[in-house]
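Participant: I'd like to ask some things about the structure below.
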Amino acid sequence: MPTLVGYLAAGLVLALFGVESSTLIESVGDLGVMLLLFTVGLHINLRSLIQPQVLGVGLIHLAISTVVVGLLLLAIGFQPLTALLIGIALGFSSTVLTAKSLDARNELDSYHGRLAIGILILQDTVAILLLAFAGGGSPTFWALGLIALPFLRPVLIKIMYAVGREELLLIYGLLMTVGAGWLFELVGLDAKLGALLVGMLLAGDVRSDELYDKLWALKEVFLVGFFLQVGLGGLPDSRSWILIGMLLLILPLKGILFFWLMLQFKLRARTSFLASISLTAYSEFALIVAAGAAASGIVDNQLVVAIGVLVAISYALNAPISRSVNELWARYETAFNRFEKVGPHPDHEPRSLGAADYVVLGMGRAGTAAYDYLIEQGKRPVGLDADPAAIQRNLTEDRRVIYGDANDPELWTGLDLSHLEGVLMTLSNVKAEASAAENLRKEDFEGFIAALLRYQENKQILEDAGVSVSFLPIAQAGRELAQASLGQETQLSPS
């Protein structure tokens with residue numbers, strides 16, 4: 001069960017015993033939200049938003065959700081402004097839950113994982129505008145000076161590299177988050193908006209991914225304060241429980257709408273199903289926006305409590321389904337495939353490997369090095385990757401690379417594997433490599449399968465899956481370094 005559910009439940013239980021929120025809890029919670037928005041900003045890449053599937057599905061779904069939820073809120077007596085604001089906020093899907101679910105299933109790098117994250121980034125971008133509005137405040141004349149912030153990007157990145165990779169990088173991230181919030185508050189804008197925008201300034205750099213990893217666990221700790229604070233608001237009143245029940249009844253429609261829209265954009269049924277399940281939950285951003293609106297007097301605190309409970313229940317409902325989503329797909333694959341559009345799909349697995357005698361699965365740095373070496377040896381390799389950007393980059397460098405998702409059990413189905421001498425897997429995830437090897441062996445592939453290892457203890461997992469040989473790059477590099485050293489000594493020794 002997602003930990004957010006536990007934090008909210010803990011706050012509700014404490015509220016029953018008369019415990020109230022405090023300045024300390026509020027401050028911790030505010031910092032947690034700012035860190036969340038800063039880390040979200042670090043991953044907002046505008047290039048990931050220009051895909052028609054992301055823009056089309058994300059914007060159309062958000063528009064329909066806003067209309068449906070907004071009309072529902074109007075029908076039960078909410079003011080038009082409140083209905084519009086909350087309608088948009090409840091159209092968001094949970095960034096935290098989706099990312100954690102995909103990561104737990106090792107599917108963050110899959111096509112449907114990237115599609116879901118792209119849609120979430122689009123929603124987070126819309127959330128910037130909502131936060132700016134809901135956060136209230138009266139911008140001063142000096143707020144115009146924030147237009148110069150993008151020009152500070154080279155300086156901020158240079159400092160980020162100067163602090164190194166250890167504790168100072170963590171402190172740098174904290175200072176950027178708190179400093180941006182302080183600066184925006186100083187000119188009359190919401191501190192959370194400042195944290196998100198400064199995170200966006202650093203996005204796209206290699207070191208920003210390291211900063212994201214450093215701040216992830218710390219953000220989770222401070223977010224406890226935010227969810228506790230919401231829980232300490234107490235239980236919803238009878239009217240709010242009615243609202244919660246109605247919104248939970250339309251929650252399945254959220255997933256069905258995602259599934260239908262993805263099919264309209266000619267995505268495969270499997271991609272549409274897996275991505276839709278991941279996105280079928282209300283977002284913590286709805287709670288953050290509602291809390292900001294309550295602080296500005298736009299909505300009452302009782303609505304914030306109701307949305308908190310709603311988000312928690314949607315998490316609790318989604319978690320077990322997401323955990324077993326691949327088993328659900330295997331059981332109902334035939335039924336869902338009936339809805340798939342006829343014709344080419346942007347995420348279609350390869351129908352042929354051509355005259356290739358080697359397959360390189362995963363075209364990152366290790367994959368491209370393996371591919372180039374095979375070319376030098378007169379072989380005919382083909383690269384497979386699930387990242388459209390990686391495919392395009394390799395195509396521009398004259399490598400033959402096609403779409404292929406290692407996590408998809410249908411990847412090798414129907415392919416002629418008889419002419420393949422070997423498959424080289426350079427993925428960063430051992431479970432994905434093991435899954436690909438198992439599926440290869442199920443298709444009666446008897447050739448050579450090699451895989452890269454990150455940890456020696458995973459060697460047995462790959463062997464059990466059918467991998468012929470696995471390599472630990474660090475250990476291999478150490479041996480080669482020693483060999484080079486011995487060879488150098490031999491050359492320098494007197495004859």
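FYI, it's all coordinate maths here, none of it is from the lab. What you see is a predicted model; the values in this text were computed from it and never measured. Every residue, glycine among them, receives a Cβ derived from its backbone with ideal geometry; neighbour counts consider all protein chains shown.
Participant: Evaluate the stretch 358-492: find the radius of gyration of its Cα atoms, find its Kirkwood radius, and give the ratio Rg to Rh.
Facilitator: We get a ratio of 1.02 for the stretch 358-492.
Participant: Taking the 0 to 90 degree range and rounding to the nearest ten, how far is the long axis of helix 206-231 tilted relative to the main principal axis of the chain, both from C-alpha atoms?
Facilitator: It works out to around 30 degrees.
Participant: Can I ask one more? Residue separation times 0.36 nm, minus the C-alpha to C-alpha distance between Asp300 and Trp329: what's the value?
Facilitator: Residue separation times 0.36 nm, minus the Cα-Cα distance, leaves 6.3 nm.
Participant: At 7 Å along the Cα-to-beta-carbon direction for both Tyr161 and Leu24, put a label point, then send me their distance in nm to one decimal.
Facilitator: So the label points at Tyr161 and Leu24 sit 4.2 nm apart.
Participant: Quick check: residue separation of Glu185 and Leu248 times 0.36 nm, minus the Cα distance between them. What number comes out in nm?
Facilitator: Gain in length upon complete extension: 19.1 nm.
Participant: For an R0 of 35 angstrom, estimate the FRET efficiency from the Cβ-Cβ distance between His348 and Asp213 and round to the nearest 0.05.
Facilitator: The computed FRET efficiency comes out at 0.60.
Participant: Given all pairs of different Cα atoms, what value in angstroms does the Kirkwood hydrodynamic radius of the stretch 305-360 take?
Facilitator: The Cα-based Kirkwood calculation yields 15.5 Å.
Participant: Next question, about the same structure. Can you list residues whose amide H is under 5 Å from Val360's amide H, if they're 5+ apart or on another chain and H is modeled 1.01 Å from N?
Facilitator: Result for Val360 returns Val382, Gly383, Leu384, Leu424.
Participant: Then there is this: Apply the a/c threshold of 1.5 to the C-alpha gyration tensor of the stretch 48-128 and tell me whether it is rounded, prolate or oblate.
Facilitator: Since a/c reaches 1.5 and a/b is larger than b/c, the shape of the stretch 48-128 is classed as prolate.
Participant: Here's a follow-up. Would you please classify the overall shape of the stretch 236-286 from the alpha carbon gyration tensor, given that a ≥ b ≥ c denote the square roots of the eigenvalues, rounded means a/c under 1.5, and beyond that prolate means a/b larger than b/c while oblate covers the rest?
Facilitator: prolate
Participant: Grab every C-alpha pair in the stretch 160-229, bin the distances at 10 angstrom width from 0 up to the longest one, and report whole percents.
Facilitator: 19, 48, 30, 3
Participant: While we're here: For the chain, what is the mean residue ellipticity at 222 nm derived from helices alone (per DSSP H run of n ≥ 4: -39500 (n - 2.57); sum divided by total residues; nearest 500 deg cm²/dmol)?
Facilitator: Per the formula, -21000 deg cm²/dmol.
Participant: Moving to a separate point now. Pulled fully out, how much extra length does the chain show between Ile76 and Thr140, if you take 0.36 nm times their separation in residues and subtract their Cα-Cα distance?
Facilitator: Length gained between Ile76 and Thr140: 19.3 nm.
Participant: Also, quick follow-up: Kirkwood hydrodynamic radius, computed over distinct alpha-carbon pairs, for the chain: how many Å, to one decimal?
Facilitator: Its Kirkwood hydrodynamic radius stands at 24.8 Å.
Participant: Round to the nearest 10 and give me the degree value, 0 to 90, for the angle of helix 251-264's Cα axis relative to the longest principal axis of the chain.
Facilitator: That works out to roughly 50 degrees.
Participant: Exceeding 30 Å between C-alpha atoms, which entries from my cross-link table qualify? They are Lys100/Lys459; Lys192/Lys341; Lys219/Lys431.
Facilitator: Result: Lys192/Lys341 exceed 30 Å.
Participant: With a 10 Å Cβ neighbour count serving as the proxy for reagent exposure, in which order, fewest first, do Phe151, Phe445 appear?
Facilitator: Arranged by neighbour count, lowest to highest, Phe151, Phe445 become Phe151, Phe445.
Participant: Suppose every K and R has +1 on its Cβ and every D and E has -1 on its Cβ; what is the size of the dipole of the chain about the Cα centre, in Debye to the nearest 20?
Facilitator: My answer is approximately 880 debye.
Participant: Okay, moving on. For the pair Arg365/Leu417, report the inter-label distance in nm, with labels modelled 7 Å from Cα in the Cβ direction.
Facilitator: Result: 3.0 nm between the two label points.
Participant: Using only the Cα atoms, what convex hull volume per residue in Å³ does the stretch 342-415 have?
Facilitator: 95
Participant: Now a separate question. At a Förster distance of 22 Å, what's the computed FRET efficiency of Trp241 paired with Val13, Cβ-Cβ distance as r, to 0.05?
Facilitator: 0.80
Participant: Angle, helix 269-279 long axis vs. longest principal axis of the chain, Cα atoms, 0 to 90°, nearest 10?
Facilitator: 40
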